[in-house]
Amino acid sequence: MNRSILHVDCNNFFASVECVYDPSLGSVPCAVAGSKEDRHGIILAKNELAKKAGVKTGEAIWQAQQKCPGLITVPPHFDRYNKFSKLFKGICFEYTDLLESFGIDECWLDVTGNRKSAAVIANEIRERVKNEYGLTVSVGVSFNKIFAKLGSDLKKPDAVTFITEENFREKIWGLPAEDMLGVGRRTLGCLHSHGIYTIGELAEVSPAALRSWLGKSGPMLWKFANGLDDSRVMRFDERIPPKSVSSGYTPYRDLQCENDVRILIYALSENIAAQLRRHGLCCRTVSINIRDRELNHVCRQIRTAFPLSDSSRIAEEALGLFRKEYSGNTDIRSLTVCASDLEPFSEDIQLDLCGEVFRSERRDSLNKAVDGIRKRYGYGSVFRGLLMQDVRLGMFDPKEIGDAHPVGMRA
Ligand SMILES: [Mg+2]
């Protein structure tokens with residue numbers, strides 16, 4: 001039987017939530033951005049009018065204002081975004097518990113076999129989120145997750161798009177390959193070098209050729225493009241062990257010295273370590289992704305001497321990678337730390353490291369205590385003294401660096 005899968009995506013989520021609190025923002029070009037006083041603050045999100053004027057996420061406020069002189073900027077309120085995320089997913093949850101979140105403002109639902117048809121459910125969700133919470137969503141309805149997600153991008157805001165067995169070639173195949181989940185920057189470069197630009201062109205290459213160019217993700221992308229994705233929508237409370245865990249952040253202002261970088265790397269690593277411990281995992285590879293003020297990307301990784309699950313150790317590895325690439329006086333726009341090559345946490349391995357034994361045990365019990373406090377009182381209830389420095393430096397609010405994002409294809 002064909003499945004009925006919905007992908008629900010809030011339109012311009014951050015900016016739309018700000019409009020709920022201040023409706024006057026709806027009629028002007030508006031962006032959520034780092035501190036207003038500092039003209040080097042960064043654009044984090046924008047509304048439709050700002051988008052039309054060419055404003056882009058990730059650029060500096062002064063650049064955005066050159067393109068769009070009337071641009072109004074507001075500071076981010078992550079507590080509001082988390083609240084509205086829960087609210088709109090709460091509506092979705094009334095239809096099924098097969099609800100898989102994809103970031104703060106998107107989720108998939110599997111409504112196969114539901115009493116109501118997928119079309120009725122999609123429209124009810126769209127209407128209800130708008131009427132009850134003042135946000136518009138776009139919904140893609142299809143027989144697999146990949147096409148449902150593509151569908152939700154096709155028409156927005158406030159729309160439902162159906163991608164069926166009959167119409168997917170016409171609706172999907174003309175889209176650029178990079179619109180499809182799983183086609184990242186590197187994959188795209190490879191596809192372009194073989195003259196493949198659209199999802200349809202990707203669908204028509206042989207899976208064997210794709211495997212030789214891209215490894216095992218090649219045939220997977222071929223399946224996606226041909227409507228053969230059979231991955232399931234997970235239950236709302238299901239956790240599969242991630243293949244890697246990463247945490248990245250674009251601070252309110254560029255990082256200007258090594259101390260700035262150190263503080264952010266510690267905040268990100270802390271977040272990663274908490275996630276690793278939640279899954280009972282540790283990592284053997286640490287990598288760092290750096291974007292500087294000229295928007296150049298640098299990505300570096302290191303295989304660690306032994307498995308890590310402690311934030312200080314992950315942070316020190318990441319900081320070492322940073323120091324190899326940059327001196328302390330380069331302006332850094334954003335940073336991502338990633339832990340991969342994950343394996344089950346084993347105390348034996350840690351105890352084998354003579355000399356490190358007691359420290360390791362003490363750290364483990366400290367980490368456990370911190371995890372317990374956070375579980376009870378929230379992530380922001382306790383953080384490192386080092387991060388308190390930043391309350392003065394004003395780069396970010398440690399509470400905003402909420403959950404790390406597990407990465408990896410779900411089966
Ligand atoms: Mg969205």
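Among the helices (runs of 4 or more DSSP H) lying completely within region 54-151, list those that include at least 1 residues that are loosely packed, with under 15 Cβ neighbours inside 10 Å and at pLDDT 95 or above.
Details: elements: 61-67, 78-93, 118-133.
Fully inside region 54-151 and qualifying: 78-93, 118-133.
Before we move on, is Leu6 outside any helix (DSSP H, G or I) and either farther than 30 Å from Val233 by Cβ or at pLDDT 90 or above (or both)?
Yes.
Being of a type in the set (A, V, I, L, M) and more than 16 Å from the ligand (Cβ to nearest atom) narrows it down to one of Ala53, Ala31, so name that one.
Ala53
Could you tell me which of the residues Asn47, Asn11, Asn2 is away from the ligand (no atom under 16 Å from the Cβ) and not assigned by TED's automatic domain parsing to the domain that holds Tyr249?
Among Asn47, Asn11, Asn2, only Asn2 is away from the ligand (no atom under 16 Å from the Cβ) and not assigned by TED's automatic domain parsing to the domain that holds Tyr249.
Take region 243-280 and flag every residue that is under 30 Å from Leu99 (Cβ atoms) and surrounded by fewer than 21 Cβ atoms within 10 Å (Cβ to Cβ).
Matches in region 243-280: Lys243, Ser244, Gly248, Tyr249, Thr250, Gln275, Arg277, Arg278, His279, Gly280.
Val233 versus (1) crowded, with 18+ Cβ neighbours inside 10 Å; (2) free of Cβ contacts under 8 Å to residues at least 12 places away in the same chain: which is the lone unmet condition?
It is condition (2) that Val233 fails.
Each row is one residue, and each column tells you yes or no for (1) closer than 14 Å to His7 by Cα; (2) hydroxyl-bearing (Ser, Thr, Tyr).
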| position | (1), (2) |
| --- | --- |
| Lys86 | no, no |
| Cys92 | yes, no |
| Ser101 | yes, yes |
| Ile121 | yes, no |
| Arg128 | no, no |
| Asn131 | no, no |
| Ser142 | yes, yes |
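Which one of Gly184, Gly200 is outside the structural domain of Arg293 (by TED's automatic domain parsing), at pLDDT below 95 and under 20 Å from Gly151 (Cα atoms)?
Gly184
Looking at (1) more than 30 Å from Arg80 (Cβ to Cβ); (2) more than 22 Å from the chain's Cα centre (by Cα), find the lone condition where Phe147 falls short.
Failing condition for Phe147: (2).
The values are calculated or read from the model by the stated rules, or taken from the named source; none is laboratory data. These figures come from a predicted structure and were not determined experimentally. Reconstructed Cβ throughout: ideal geometry from the backbone, glycine too, with neighbour counts over all protein chains shown.
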